[in-house]
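The values are calculated or read from the model by the stated rules, or taken from the named source; none is laboratory data. If you're wondering where the values come from, they're calculated on a predicted model, not measured in any experiment. Here the Cβ positions follow ideal geometry from the backbone for every residue, glycine too, while neighbour counts run over all protein chains shown.
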Amino acid sequence: MNPANQRASHARALTPAMAALVERMARAARPPLYTLTPQQARVAYEKGANVLEVPQPALDRVEDLRLPARDGYALPARLYAPAAPAAPAQGRQGTQTLPAPQQTPLPWLLYLHGGGFTVGSIASHDTLCRVLAAQAGCAVVSLDYRLAPEHKFPVAVNDAWDAYAYLAQRGAAFGLDPSRIAVGGDSAGGTLAAVTAIAARDAAMPLALQCLFYPGTAPNSHARSHHRLAHAPVLDEALIGWFFHHYLRNDADRQDWRFAPLMADDLEGVAPAWIGLAEIDPMVDDGVAYADRLRAVGVPVDLEIYRGVTHEFIKMGRAIPEARQAQADAARALRKAFKIAEK
């Protein structure tokens, strides 16, 4: 099928709301990210990152942190938290190092943003992290891991692990429960979350859930969905190739499980997974394949495929009902993993 016919086929498969949004994007005629430099792409991505988000819920704490990486770099992070169960709301916003001493520790999610390891930031995923914190009743720590091409594979992997390990060991100082931890992310961030879950298993460190929105899991684009949806809206094969060109050092990196968790020798014993996929996404089959591999070794998996929506839909809650549903589903999975009563 030629690209024009493929795009027409994709349009028919979209929900009415998603189709209307894709049409608006086409009319805007913005240059594809893969035609820009990484620096230009970051600016373009940030400009549109929160346009379609739901209103930001109020939270008790929003605090900027710095977490140590293995090479001495101070990783920027932001902690979002609702009121702790045993403490009244403080109404504090700003930059803090430590919470109020009387605060009851909260379960927490380390969140790793998407963006092909090349774009994205704490700011681009600010609203999503606020929503997850408010709906799940847990703290969320969003990490600004270092981006390619300035920092190629495996720097982002190491940054994610360093943040998780540091907070797992010392998070009580920030009001975080060291026994109730989850890791999550979307797209490239979902890949980093899945890899962190494997590493946590290997290190015998606590992890209650891996919460993955349309993660990249495969070493290549051989799955049928990559061919069937090569010209899908929002994320296509040209953009995937551009991202990986900037992130990977060489072709051998593709076979490394830290890039493609499907390549891990053994997945037995990793944390249970909640996986939310978009139907009209080149990477949808990769996510299904990862869920199948986890299930095959006895890992509990809750897999949801949201019909008629594209990659990146999770950040389109103002326009796409499926985004709001996926956010609620992920929050419910976090509450279950953390043994927090439903609201």
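For the stretch 127-137, the count of residues that are under 14 Å from the mean Cα position of the chain (by Cα) and either of a type in the set (Lys, Arg) or over 25 Å from residue 316 (Cα atoms) (or both) is at least one. How about the stretch 61-112: which of its residues are closer than 23 Å to residue 314 by Cα and modelled with pLDDT under 95? If the condition is that a residue be closer than 23 Å to residue 314 by Cα and modelled with pLDDT under 95, then 82 is the only one that fits. Among the criteria (1) farther than 24 Å from residue 147 by Cβ; (2) out of contact with any helix residue (DSSP H, G or I) (no Cβ under 7 Å at 6 or more places or on another chain), the one residue 280 does not fulfil is (2). Looking across the stretch 160-174, the residues that are more than 21 Å from residue 219 (Cβ to Cβ) and crowded, with 23+ Cβ neighbours inside 10 Å come down to 163, 164, 167, 174. The set of residues in the stretch 177-194 being of a type outside the set (Lys, Arg) and surrounded by fewer than 24 Cβ atoms within 10 Å (Cβ to Cβ) consists of 177, 178, 179. Taken over the stretch 237-256, the residue count meeting the criterion of being in contact (Cβ under 8 Å) with a residue 12 or more places away in the chain and not in a helix (DSSP H, G or I) is 3. Can you report the number of residues in the stretch 227-258 which are farther than 30 Å from residue 11 by Cα and touching a Leu at 6+ places or on another chain (Cβ under 7 Å)? Number satisfying all stated conditions: 1.
Scanning the stretch 316-328 for residues that are closer than 24 Å to residue 271 by Cβ and surrounded by 17 or more Cβ atoms within 10 Å (Cβ to Cβ) returns 326, 327. The single residue among 254, 224 that is basic (Lys, Arg), surrounded by fewer than 16 Cβ atoms within 10 Å (Cβ to Cβ), over 22 Å from residue 158 (Cα atoms) and more than 17 Å from the chain's Cα centre (by Cα) turns out to be 224. Inspect all residues belonging to the stretch 299-312 and state whether any of them is farther than 29 Å from residue 268 by Cα and either at pLDDT below 95 or of a type in the set (Ser, Thr, Tyr) (or both). Yes, the stretch 299-312 contains a residue that is farther than 29 Å from residue 268 by Cα and either at pLDDT below 95 or of a type in the set (Ser, Thr, Tyr) (or both). Among the criteria (1) buried (at least 17 other Cβ atoms within 10 Å of the Cβ); (2) out of contact with any Phe, Trp or Tyr (no Cβ under 8 Å at 6 or more places or on another chain); (3) not aliphatic (A, V, I, L, M), the one residue 61 does not fulfil is (2). Does residue 18 satisfy the criteria of being in contact with a Ser or Thr (Cβ under 9 Å, 6 or more places away or on another chain) and at pLDDT 95 or above? Spelling it out, residue 18 is indeed in contact with a Ser or Thr (Cβ under 9 Å, 6 or more places away or on another chain) and at pLDDT 95 or above.
Residues in the stretch 265-277 that are touching a residue at least 24 places away in the same chain (Cβ under 8 Å) and surrounded by fewer than 18 Cβ atoms within 10 Å (Cβ to Cβ): 266, 268, 269. Just one of the listed residues (278, 341, 337, 319) is modelled with pLDDT under 95, small (Gly, Ala, Ser) and more than 23 Å from residue 154 (Cβ to Cβ), and it is 341. Here is a check on your reading of the model: is residue 271 within 23 Å of residue 133 (Cα to Cα) and part of a loop (DSSP other than H, G, I, E, B)? When the stated conditions are applied, residue 271 passes them. Looking only at the stretch 282-311, count how many residues are part of a helix (DSSP H, G or I), in contact (Cβ under 8 Å) with a residue 60 or more places away in the chain and surrounded by fewer than 17 Cβ atoms within 10 Å (Cβ to Cβ). Looking only at that region, the number is 1.
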